[in-house]
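The values are calculated or read from the model by the stated rules, or taken from the named source; none is laboratory data. Please read all numbers here as calculations on a predicted model, not as lab measurements. No Cβ is skipped: glycine too gets one built from the backbone with ideal geometry, and neighbour counts run over all protein chains shown.
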Amino acid sequence: MDESALLAAIYAAPDDDRPRLVYADWLQERGDRRGELIALQYGRLRRSPTTMARKRERWILKKHARAWLGALWDNLAHRPVVVAERQYEVRFERGFLSDAVVAFRNTSVACAVGDARWSTVRTLVANDDPEIGDGVIWRPAKALYLDDALFGVRAFIGAHREVALELLRDPRPRKLRTLHMKADPGRAHDLRHALVHSTLPELRELGFAPVGGPVVPSAYDWLWLSPLGSRLEELTLTCPTSNSVLAAWRAPGVLPPNIRLVRFTWGPKTLNVTPRAKR
């Protein structure tokens, strides 16, 4: 079996360990560094890695990641970004790209659309600006975000309104568990409707950016009363807040019992609210 067939098997079943381990053996027989990387990363899934193993993994990625990523490299941010107290960065797991922080800097994004190497990504962070280039970059960027190669993404951070709408309306059973949007469903009827009738059965964490109006629990009754509202566990609101607003969210019984955490984030500041059960 040649290398292209081995890679095709991995991209066709990115959650399956067997094709990756077969590929690792094939590579190591030929002295290829990627085989060593796959072995190292599988090793730390079984036991805590040694300092030497960590250094070796970082060295291999520094030397070879760009070549392995190909067209994807120019569309990724190579520095960590922080969203709602969480740091995201480009990461490899089990020898392949798993976390992608996208930062389109030029029209090379068109070359990355349809690339099978996206299929192993499980966390996607859209750290871009849709207004750049008067749509020259945004149109292919949207096509990439909705590409079937990214169908297996579990967490999408920073989804633009148009992309969020398409994801929520997709009748196929995506496994998306986390969706943070750069939009306010309270002000966009189509987005609110898509959330209420969401076809994302595994969605448990939702984030969006409220614009104006009172950011109080009752403003989102439409969400709490929907099927999605009965499944959600965490909500992130990107907006400034106040003590009175926080008190409203902490009031006993104002949220469904399935909501474990409400997170307010604005700039570098994040405030967490743990809802109280009704007495």
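Please go through region 115-129 and give me each residue that is modelled with pLDDT of 90 or more and of a type outside the set (Asp, Glu), ordered by number. Don't jump to the end; show me each part of the working.
As a first pass, look at region 115-129 and keep what is modelled with pLDDT of 90 or more: 115-125.
Residues satisfying the conditions are Ala116, Arg117, Trp118, Ser119, Thr120, Val121, Arg122, Thr123, Leu124, Val125.
Can you confirm whether region 130-138 contains a residue that is modelled with pLDDT of 95 or more and farther than 29 Å from His189 by Cβ? No: region 130-138 contains no residue that is modelled with pLDDT of 95 or more and farther than 29 Å from His189 by Cβ.
Once region 138-168 is narrowed to residues that are among the charged types (D, E, K, R) and in a loop (DSSP other than H, G, I, E, B), the residue that is nearest to the chain's Cα centre (by Cα) is Arg154.
Within region 50-79, count every residue that is surrounded by 11 or more Cβ atoms within 10 Å (Cβ to Cβ) and either of a type in the set (Gly, Ala, Ser) or modelled with pLDDT of 90 or more (or both).
First pass over region 50-79, keeping only residues surrounded by 11 or more Cβ atoms within 10 Å (Cβ to Cβ): 50, 53-57, 59-61, 64-66, 68-78.
Of the ones still in play, those that are also either of a type in the set (Gly, Ala, Ser) or modelled with pLDDT of 90 or more (or both) are 50, 53-57, 59-61, 64-66, 68-73, 76-77.
Residues that pass the stated criteria total 20.
Suppose the filter is of a type in the set (A, V, I, L, M, F, W, C), at pLDDT below 90 and not in a helix (DSSP H, G or I); does Val82 pass it? Outline the logic, then answer.
Details: of a type in the set (A, V, I, L, M, F, W, C): yes; at pLDDT below 90: yes; not in a helix (DSSP H, G or I): yes.
The answer is yes for Val82.
The residues listed here are Pro19, Pro49; of these, the one that is of a type outside the set (Lys, Arg), in a loop (DSSP other than H, G, I, E, B) and in contact with a helix residue (DSSP H, G or I) (Cβ under 8 Å, 6 or more places away or on another chain) is Pro49.
In region 22-46, of all residues being in a helix (DSSP H, G or I) and of a type in the set (Gly, Ala, Ser), the one that is surrounded by the most Cβ atoms within 10 Å (Cβ to Cβ) corresponds to Ala24. Inside region 1-51, residues that are free of Cβ contacts under 8 Å to residues at least 24 places away in the same chain and among the aromatic types (Phe, Trp, Tyr) make up a count of 0. You will find that of Ala219, Ala164, Ala188, Ala247, the residue that is farther than 25 Å from Asp99 by Cβ and either among the aromatic types (Phe, Trp, Tyr) or crowded, with 18+ Cβ neighbours inside 10 Å (or both) is Ala188 and no other.
Whenever a residue of region 113-132 is over 17 Å from Glu162 (Cβ atoms) and among the hydroxyl-bearing types (Ser, Thr, Tyr), its partners that are at pLDDT below 95 and part of a helix (DSSP H, G or I), lying with C-beta atoms within less than 7 angstrom and at least six residues away or across chains, give the pairs Ser119/Ala149. For Gln87, work out the one condition from (1) at pLDDT below 95; (2) in contact with a Pro (Cβ under 6 Å, 6 or more places away or on another chain); (3) surrounded by 15 or more Cβ atoms within 10 Å (Cβ to Cβ) it doesn't fulfil. All conditions pass for Gln87, except number (3).
Table: residues versus (1) in contact with a His (Cβ under 8 Å, 6 or more places away or on another chain); (2) closer than 22 Å to Arg174 by Cα; (3) loosely packed, with under 15 Cβ neighbours inside 10 Å.
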{"residue": "Pro201", "(1), (2), (3)": "no, yes, yes"}
{"residue": "Arg204", "(1), (2), (3)": "no, yes, no"}
{"residue": "Cys239", "(1), (2), (3)": "no, no, no"}
{"residue": "Val254", "(1), (2), (3)": "no, no, no"}
{"residue": "Leu261", "(1), (2), (3)": "no, no, yes"}
{"residue": "Gly267", "(1), (2), (3)": "no, no, yes"}
{"residue": "Arg276", "(1), (2), (3)": "no, no, yes"}
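Number of residues in region 242-271 that are out of contact with any Asp or Glu (no Cβ under 8 Å at 6 or more places or on another chain) and within 29 Å of His197 (Cβ to Cβ) equals 10.
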